[in-house]
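Scroll down for the structure; my scribbles are underneath it.
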């Protein structure tokens, strides 16, 4: 059992080193830094609720940076070995296809974690600077535990999308089709909650139950990503949710990632590499 784990770790280390060699993290950190500095210039024009506006802006920058990483680094990396023909070398003994897929995923997760840690530290420092410059009346609360919880929720969302990218890459050839499928998946995940809410508001006794059933169970395939959005808690003084309410979305997301990874490994085992 130890040998497969060592092979996965060794290959994941290569993925991490390749990402660092391509300066993927450095460029994205500079992009986020430029966006943050640009946003700081406009915070003086916000008349009230500076804490919520600055918190939302910084987490949006972090999310956008991670999303760019997923689409323009994660997708090409997953398709790169298949397109240049080196996938056969990786999948020759002693590395199996499942080990290759898992190493690819966890290597990119490590890069994502490094990116989020850097941007999270930057965001926390900026929020403290803003809090110290505007006073208690405009910035009443800033909680480090809930800031870390929001950052963890953002990372889990990115891990879910990365797992879907791996699934698409295992079934579809080429990075551009995978990119389009990932964007479609993301837009559907964001659009379905709006459709469900609209249907519930207009629901009548004679409405089509089949459509309601499909909307309800579509969450199993297209989860509501807002369940892991806790950024408002970092600057809010409202009632704190129960621990079970905070832990349940992470448990569901982890189970979803596990199922998607299992499907990806299953497809890789049956995939024709020619």
Original post:
Among the helices (runs of 4 or more DSSP H) contained in region 170-274, which hold 3 or more residues that are in contact with a helix residue (DSSP H, G or I) (Cβ under 9 Å, 6 or more places away or on another chain), surrounded by 14 or more Cβ atoms within 10 Å (Cβ to Cβ) and modelled with pLDDT of 80 or more?
Top reply: 175-201, 243-270
Original post:
Within the bounds of region 75-85, is there any residue that is surrounded by fewer than 16 Cβ atoms within 10 Å (Cβ to Cβ), touching a helix residue (DSSP H, G or I) at 6+ places or on another chain (Cβ under 9 Å) and modelled with pLDDT under 80?
Top reply: yes
**OP:** Kindly indicate whether residue 103 is over 24 Å from residue 228 (Cβ atoms), under 22 Å from the mean Cα position of the chain (by Cα), surrounded by 20 or more Cβ atoms within 10 Å (Cβ to Cβ) and modelled with pLDDT under 80.
**Re:** no
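The values are calculated or read from the model by the stated rules, or taken from the named source; none is laboratory data. Computed from a prediction, not measured in an experiment: that's the story for all the values here. All Cβ positions, even for glycine, are placed from backbone atoms using ideal geometry, and neighbour counts span all protein chains on display.
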